[in-house]
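I have placed the structure first, in the form of structure tokens, so that the comments after it can refer back to it.
The values are calculated or read from the model by the stated rules, or taken from the named source; none is laboratory data. This one's a predicted model, so the numbers in the text were calculated from it and none came from an experiment. FYI the Cβ positions are ideal-geometry reconstructions off the backbone, even for glycines, and counts take in every protein chain you see.
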Amino acid sequence: MKTQKELDARWKFQVASRPGGEGLLVCFACGVCTAGCPVSEVEERFNPRRIIHQVLMGNREDVLRSKEIWMCIGCYTCTAHCPQDVEFTNLLKALRIMAVEEGYVDKRWLRIVDEIDRRTQSLRRDLVEYLWDRGTPPSEEEFARLYKQETEKLSWTRKGEDDAE
Ligand code: SF4
Ligand code: SF4
């Protein structure tokens, strides 16, 4: 638990003054952003409502140092559904830039994350094309087996974590 001294009470105003951060101060913590987020669905540590809460609390260092602010895929679902027009997608982009400006992360992360998003889309395209060209779509069980078999060749994936029940 952070002490009052370690929290930065002015930080939320600095974030709110950035392009994309304008709506931050009117967030009322309803959690709609988290409920509809495709990244939160697969990674429980990624929680938009909690990130906003941390920003409002002034937990600057923990937020800007965190891996979580780099996990968003920029789909804008949270922004479209937010009843307060908070624009969390753009707010996260502002946090990423702050993390780089303040030296919490290497500036190459900005470029690398764009590249990860682009290549992830290419992988998805290839998988759809491969399955489509095989003819009859696989059952969910067949697909889970195929997916596991292929992703286990990749050393950096979390083995078996996304298997179908
Ligand atoms: S949906 Fe909007 S108001 Fe609700 S927690 Fe998320 S950012 Fe805040
Ligand atoms: S833009 Fe990011 S935070 Fe918002 S719903 Fe999409 S992945 Fe989640």
The one condition residue 70 fails out of (1) within 16 Å of ligand 1 (Cβ to nearest atom); (2) touching a helix residue (DSSP H, G or I) at 6+ places or on another chain (Cβ under 8 Å); (3) of a type in the set (A, V, I, L, M, F, W, C) is (1)
Could you list, in sequence order, the residues of region 80-105 that are within 12 Å of ligand 1 (Cβ to nearest atom) and surrounded by fewer than 19 Cβ atoms within 10 Å (Cβ to Cβ)? 80, 81, 83, 84, 85, 90
What residue, of 52, 69, is touching a Cys at 6+ places or on another chain (Cβ under 9 Å) and surrounded by 14 or more Cβ atoms within 10 Å (Cβ to Cβ)? 52
Can you tell me which condition residue 2 does not meet? The list is (1) within 11 Å of ligand 2 (Cβ to nearest atom); (2) at pLDDT below 95, and all the others hold. (1)
Evaluate region 119-142: report whether one residue or more is farther than 23 Å from residue 38 by Cβ and of a type in the set (A, V, I, L, M). no
On the basis of being more than 26 Å from residue 74 (Cβ to Cβ), assigned to a helix (DSSP H, G or I) and hydrophobic (A, V, I, L, M, F, W, C), does residue 123 make the cut? no
Restricting to region 9-47, give me the number of residues that are among the β-branched types (Val, Ile, Thr) and without any contact (Cβ under 8 Å) to a residue 60 or more places away in the chain. 3
So which residues in region 7-55 are more than 13 Å from ligand 1 (Cβ to nearest atom) and of a type in the set (Ser, Thr, Tyr)? 17
Residues of region 66-85 being in contact (Cβ under 8 Å) with a residue 40 or more places away in the chain and more than 10 Å from ligand 2 (Cβ to nearest atom), in sequence order, are 70, 83, 84, 85
